[in-house]
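Just below is one structure, and these are the notes that go with it.
Each reported figure results from applying straightforward, stated rules to the coordinates on display, with no laboratory input. Being a predicted model, the structure only gives us computed values, none of them experimental. Every residue, glycine among them, receives a Cβ derived from its backbone with ideal geometry; neighbour counts consider all protein chains shown.
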Amino acid sequence: MRSSVSLSHYKRVMGQGTKVRRFLLWFLLIIILALSFKASQIDIRTFIDGMPHALSLIKEMFPPDFARWKRIITLTAETISVGFWGTLLGILVSVPLGIFSAKNTSPNAVIYNTSKELVNLLRAVPDIIYALIFVTAIGIGPVAGVIALMLATVGLLGKFYAEAVETIDPKPVEAIEAAGSHKLSVIRHAVVPQVFPLFMGYNLYALDHNIRAAMALGLVGAGGLGIELFTQMRSFNYQKVSAILIVMLIIIIAIDRVSAYLRKGIIEGTLFSANKFRDYVLMAIVAAMAFISIYFIPVDLKEIVYGLPRIWEFLSNMFPPERSDIPRYIWLMLETIAIGICGTFFAIVISIPLGMLAARNVTHSPVISNAAREIANFLRGIPDLVFALVFVAAVGLGPFAGVLALALHTAGFLGKFYAEAIENIDPKPVEAVEATGARFLQKIIHAVFPQALPLFNSYNLYILDRNIRASTVLGVVGAGGIGFELIMSMRIFEHQRTATLIIIILITITAVDRISAYLRKKVV
Amino acid sequence: MLKMESIHKRFNGAEVLKNVDLKVKKGEAVALIGPSGSGKTTLIRVINGFVLPDNGRVVVRGKEIDYRKKDELRQMRKRIGMIYQLFNLVDRTSAIDNVVSGALGRMDRGFELISSTIGLFSTEVRERAMELLNFVGIEDKAFERVDRLSGGQKQRVAIARALMQEPEILLADEPIANLDPRTSQKIMELLTKINRERGITIITVLHHLESVRDHFHRVVALKDGEICFDGRTDCLTREHISSIYEFAGEYECAAA
């Protein structure tokens, strides 16, 4: 009797509403995925047919050929230097802009809104597009790279700085204001001391990110190792290609480690206290960096002086934007979005097992979790454009290469994020489920996943946002999407088309950014 | 039902359990008392294998447990339910989802294993979970997320989850330490009811001596890793209690 009562109750409370909503959501997701698969020409046969080709490509890469080691070293130094100067100039511009675009330190509403929107605009443009613009305007070389990274850095740091300033403790500010101090001295004595460690952390993050980005900027001619990589790839010197890839990977992973160590030290205030040897190593690294950046100074003042009028000329040639091809461009943009969606989908598929293996509280084996971590670091270390270049050689031109590149590169991020999320879950419910005699997988799915899922979803949305942004420039190396049209329009000096394409990309990226931020707020 | 013989356990050199012997008959309700650090929780965790003893035998239902054999350990856990001080529910999921997870251990073969792993439970299992939620008195909260429930309601969900295992033994590690007195009273009544009506053997770590008196007929007291009292509740005198709990006082005197 009771059982039938419960059952009807069960059906009533379970409610058809939530079930139908959930079903519709999944249905929608599957349709979007299916359409994206179709648009990005994902084909299992292409993949299988490409496999032997990819394998022979890898075989041809060995042994790596370091014959041009002098050039590699020079270019590596140039890459680091481009990253350093881009970051430094970016920081100089970001400090005032960040303070102006923070509600509590901005002089007035007009300056606040203008600087905030300027930062948003700068952030929306991918660094490769900046590089393309300045390579076209002032010519091939590292100067274009420095300016591109500077602008991208302002977009990144301007927002971080403003957020840091907005979350400071207002009490000391009030105290100094109460003493009748000038606005500037309030900022100097009440704001700066509070945000300084945070700013330093962000700066290091930007530097790390920019050196990584500088590796890829060369692919469009903006200086550094990327130029050499692109040249050797085009002339099928795969042994030289692998030598460059190895150097890139070593530099990127080393910088990633040093930067993470320094950031941790700054936040915990333990820098320069752990042990002497480490301090010397750190100082040596900083000194080497300074030397490289000054010795290989990529900015030639002459170039900038001659370049500025050309930038103006380039910009004025963009107007009015060409409108005849807009429908075709919009279709291309949709294909680009599809590449981002598919790349994210495969990144998730790879990252679930990778993240689980990397989580120390799941595997209980340091060997397995460290191996999985290193795989994630490796994937994260290679820029997606570099992956794309390699996959274009393996599976041919087209969006599929782009999907694979995004999937592998961002699986490195997601794998790491997932592992951290899983390591931070509450172990008590997991034990409780284990105590019922549940098996390993049952335990994972019923006690670990439900706890980590909201965080997973938030990361997935973040990566989706990032991948759609990245997919707009994959075309630069022939990996599908609107980027190909963009680079072609620049090569044949159809600047009005370039303007249209950039506007479409900007609108899309801004919209995706807003939607993703809104959804992320909802899932957590 | 349960027999523990000369159980010995060290943690980082400290002896937490020293040759503990304990026999529990089917249907008994046993309260484990003792000062903090006396080894109560360790002892209870030895029973379902979350702490592996260095020495000694544990016999459950006439079968000695070999802790090295994972499957044997799992088979034993299936029939031993456990509830905790902090409830240990999976937040963000509903009460009924937590309750059905108690059936996971039982569903360890063939199709049932696959379907339960991916979260599909038969209507029978769900109905049974509903019945148990009704039994513990919070059927109306079945589809509520557990992080929105009160402490007492959470413990009821945890009890329902343990009952879902159809356990022969129910272990409880300070089940009322985080609840207010009125709620504690109700939870203890519920545990007593489970013991009397369903004949489930209950072993509870408990600090609240009044609850011990009201609800248990047998008390086992641990002090310093050894059993210092084992008998009927009404034989537990004031002198016994002060000798069990005075360790800290003596230590202070000795130090002075």
- Task: Express the relative contact order of chain A as a whole percentage, based on alpha carbon pairs under 8 Å and six or more residues apart in sequence.
- Result: 18 percent
- Item | Part-to-part distance (alpha-carbon centres) for the range B:193-249 and the range B:64-126, which is given in Å | 30 Å
- Item | Exercise: per-residue mean of other protein chain Cβ atoms within 10 Å, A:445-456 | 4
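Decide, for the range A:320-524, between rounded, prolate and oblate: order the square roots of the alpha carbon gyration tensor eigenvalues as a ≥ b ≥ c, take rounded if a/c falls under 1.5, and otherwise choose prolate if a/b is larger than b/c, else oblate.
Details: a/c = 3.61, a/b = 2.13, b/c = 1.69.
It is prolate, given that a/c is not under 1.5 and a/b is the larger ratio.
Can you give the relative contact order of chain B as a percent, counting alpha carbon pairs under 8 Å and 6+ residues apart?
Relative contact order comes out at 27 percent.
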- Message: So for the range A:68-317, if I pair up every lysine 8 or more residues apart or on another chain, how many of those pairs have alpha-carbons under 19 Å apart?
- Response: 8
- Item | Label-to-label distance, nm, for residues given as B:Asn55 and B:Lys186 (7 Å Cα→Cβ offset) | 4.7 nm
- Task: At most 11 other Cβ atoms within 10 Å and a DSSP loop assignment: could you name the trypsin sites (Lys or Arg not before Pro) in the range B:17-117 that fit?
- Result: B:Lys25, B:Arg68, B:Lys69, B:Arg109
- Note on the structure: About its Cα centre, the protein assembly as shown carries a charge dipole, from +1 on Lys and Arg Cβ atoms and -1 on Asp and Glu Cβ atoms, whose size in debye to the nearest 20 is 1280 debye
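Report, in deg cm²/dmol and to the nearest 500, the calculated mean residue ellipticity at 222 nm for the protein assembly as shown, where each DSSP H run with n ≥ 4 adds -39500 (n - 2.57) and the sum is divided by the residue count.
Values: 34 runs with 522 residues, N = 780.
That comes out to -22000 deg cm²/dmol.
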- Item | Charge dipole (debye, nearest 20) of the range B:90-166; +1 at Cβ of Lys and Arg, -1 at Cβ of Asp and Glu | 200 debye
- Query: Check B:Met82: other-chain or 5+ apart residues with amide H under 5 Å from its amide H, H built from backbone geometry?
  - Reply: B:Leu171
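Using a 10 Å cut-off on Cβ to Cβ distances, tally the other chain neighbours for every residue of B:142-151 and report the average as a whole number.
Per-residue shielding by partner chains comes out at 1.
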- Task: At 18 Å minimum axial length over the Cα atoms and a Kyte-Doolittle cut of 1.0, report the qualifying DSSP H helices in chain A, or say none.
- Result: A:16-39, A:69-100, A:142-166, A:238-268, A:276-295, A:326-358
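Count, for each residue of B:111-124, the Cβ atoms from other chains sitting within 10 Å of its Cβ, then give me the mean as a whole number. The partial results should precede the final answer.
Values: counts 0, 0, 3, 1, 0, 6, 9, 4, 5, 0, 0, 0, 3, 2.
The per-residue average across the peptide is 2.
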- Virtual spin-label span in nm between A:Arg323 and A:Val523, 7 Å along Cα→Cβ: 3.9 nm
- Task: Calculate the spin-label point distance for A:Tyr295 paired with B:Ser6, positioning each point 7 Å from the Cα along the beta-carbon direction, and give it in nanometres.
- Result: 7.3 nm
- Item | the range A:367-394-the range B:28-51 distance, computed between alpha-carbon centres (Å) | 49 Å
- Query: List the GluC sites (Glu not before Pro) in the range B:105-154 that DSSP assigns to loop (not H, G, I, E or B) and whose Cβ has at most 16 other Cβ atoms within 10 Å. Which are they?
  - Reply: B:Glu144
- Message: How many angstrom lie between the Cα centre of the range A:326-345 and the Cα centre of the range A:431-495?
- Response: 15 Å
- Does anyone have the angle between helix B:151-164 and the longest principal axis of chain B? Alpha-carbon axes, 0 to 90°, nearest 10? 70 degrees
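Label the range A:267-421 by shape, choosing from rounded, prolate and oblate, from the square roots a ≥ b ≥ c of the eigenvalues of the Cα gyration tensor; if a/c is under 1.5 it is rounded, and otherwise prolate applies when a/b is larger than b/c, oblate when it is not.
It comes out oblate by the Cα gyration axes.
Quick check on chain A: take the gyration tensor over C-alpha atoms, sort the square-rooted eigenvalues as a ≥ b ≥ c, and tell me if it's rounded (a/c under 1.5), prolate or oblate.
On the way: a/c = 1.37, a/b = 1.17, b/c = 1.17.
Here chain A falls in the rounded category.
At a 10 angstrom cut-off on C-beta neighbours, averaged per residue, how do the peptides A:477-489, A:95-107, B:165-177 rank from highest to lowest?
By packing density, highest mean first, the sequence is A:477-489, B:165-177, A:95-107.
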- Task: Among A:Ser242, A:Ile133, A:Gly226, pick out the residue whose Cα is farthest towards the positive end of the charge dipole of the range A:68-317, where Lys and Arg carry +1 and Asp and Glu carry -1 on C-beta, about the Cα centre.
- Result: A:Ser242
